[in-house]
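This report concerns only the one structure given below.
Values quoted throughout were computed directly from the atomic coordinates according to the rules given, and no laboratory measurement underlies them. Not measured: the values here are computed from a predicted model. Using ideal geometry, Cβ is built from the backbone for each residue, glycine included, and neighbour counts are taken over all protein chains shown.
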Amino acid sequence: MKFSTAVARIVTAVVLIAGAGFATAQQAYPAKPIRFIVPYPPGGATTPLARIVGQKLTESWGQTVIVDNRGGGNTIVGSEALVKSPPDGYSILLVSNTHVINPLLYPHLPYDAVKDFAPVATLTGTELILAVNPQVPANNLQEFIALAKSKPGQLNYASSGSGGAIHLAAELLNIMAGIKMTHIPYKGGGAIMSDLIGGQVQLAFNLPINLVPHIKSGRLKAIAITGAVRLPALPQVPTFTEAGLSGFEVKAWYGVLAPAGTPNGIIDKLSAEIAKILAMPDINEKLVSQGMGPVISTPEQFAALMKAEAAKYARIIKAANIKLEN
């Protein structure tokens, strides 16, 4: 009995010491640089967004936040890199709609998109603009739909990859408008803009940050914008609802995930700091100038958003009969 009691006391002491050390580690966080994985190539909207948030975290905490671009595999490469990282808060991942879409299309992902990740916070949300090459003989949504119906399969639309929100926005338009457009997937946003302006493809859904300068210069025409209100940078461009297609709702969003198992104290500290950053007037101004709006949430609210988005895109994928393989 004495031996058993002694062993029990030792085990209890070890647990208490370990727990104390664990709590101390959370309180000291961050004590070294943080890696902010961006699962896209440099360019587009994601890298600047990560740098904006990362710079503010660096200023607040005195620890460098390193933006690490890990593009490839429709964000799968970067996501897997996070899953393989220690769950200690020193590796985080920037994600978009694609994170919840991939499991619906790829049957053999090297991770579980829900169980292997811990939601931290949302960052921004942005509407999408339907833009066409100036040579397309349509100046509004109804003219565009009529043109597409008269040329089934002859209008080509570009996307930044199969299965992304931009791809599925066009497929939703196919379904709701009763038209058939042909998908041309690209590997990056720069090539899309070049070919859209050059006329190699006729149309594309894309983020305002990528399209607004070309629309204002006349190199592209804007047909309509998703969302409930018009974009301040393009007040002349109607929403899809105003243009006669009520219920067309697709929005790009970005958020932050950590590896599953990251301590709640660290998740909460990251989430709270990101909320403070998004509420800063200068950050708000930067995001709005890029056609984005800050979206502040708790980890629980972000988890609910991802669940709802997955259900929405599952319906689109089923209706459009979209199938991909790893």
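Please name whichever of 62, 267, 83 sits farthest to the positive end of the charge dipole of the chain, dipole taken about the Cα centre and charges placed at Cβ: Lys and Arg +1, Asp and Glu -1. Ranked along the dipole, the leading option is 83. Only lysines eight or more places from residue 149 in sequence, or on another chain, were considered; those with a Cα closer than 23 Å are 180, 221, 318. Across the range 89-104, coupling constants 3J(HN,Hα) worked out from phi with the 6.51/-1.76/1.60 Karplus curve, θ = phi - 60°, read x, 9, 9, 10, 10, 8, 10, 10, 3, 4, 4, 8, 7, 3, x, 7 Hz, and Gly and Pro carry x. Here's how it looks for residue 260: its modeled amide H is under 5 Å from those of 117, 118, which are all 5 or more places away or on a different chain. Couplings 3J(HN,Hα) for the range 173-179, derived from phi with the Karplus relation 6.51 cos²θ - 1.76 cosθ + 1.60 (θ = phi - 60°), are 5, 3, 5, 6, 8, x, 10 Hz, where x marks Gly and Pro.
Placing +1 on the Cβ of every Lys and Arg and -1 on the Cβ of every Asp and Glu, with nothing else charged, gives the chain a dipole about its Cα centre of roughly 260 debye. Need the list of aspartates and glutamates near residue 307 for cross-linking: C-alpha distance under 15 angstrom, and skip anything on the same chain fewer than eight residues off. Of all the aspartates and glutamates, those that pass the test against residue 307 - Cα under 15 Å, at least 8 places apart if same chain - are 112, 116. Positive-end ranking of 317, 201, 295 along the dipole of the chain, with charges on Cβ about the Cα centre, is headed by 317.
Neighbours of residue 116, meaning other residues whose beta-carbon lies under 14 angstrom from its beta-carbon, give a summed charge of 0 when Lys and Arg score +1 and Asp and Glu score -1.
Think of each Lys and Arg Cβ as +1 and each Asp and Glu Cβ as -1; about the Cα centre, that makes the dipole of the range 129-225 roughly 100 debye.
Taking the number of other C-beta atoms within 10 Å as the exposure measure, put 167, 214 in order starting with the fewest. Each step should come with its number before you reach the end.
Details: 167 25, 214 17.
Listing 167, 214 from fewest to most nearby Cβ atoms yields 214, 167.
When the helices of the chain are scored as -39500 (n - 2.57) per DSSP H run of n ≥ 4 and the total is divided over every residue, the value at 222 nm lands at -14500 deg cm²/dmol. For residue 65, the residues whose amide H sits under 5 Å from its own are 34, 58, ignoring neighbours fewer than 5 places away on the same chain, with H placed 1.01 Å from N. Between the range 165-188 and the range 233-299, the C-alpha centres lie 24 angstrom from each other.
Cross-linked pairs 32/269; 187/216; 151/251: Cα-Cα separations exceed 20 Å for 187/216; 151/251.
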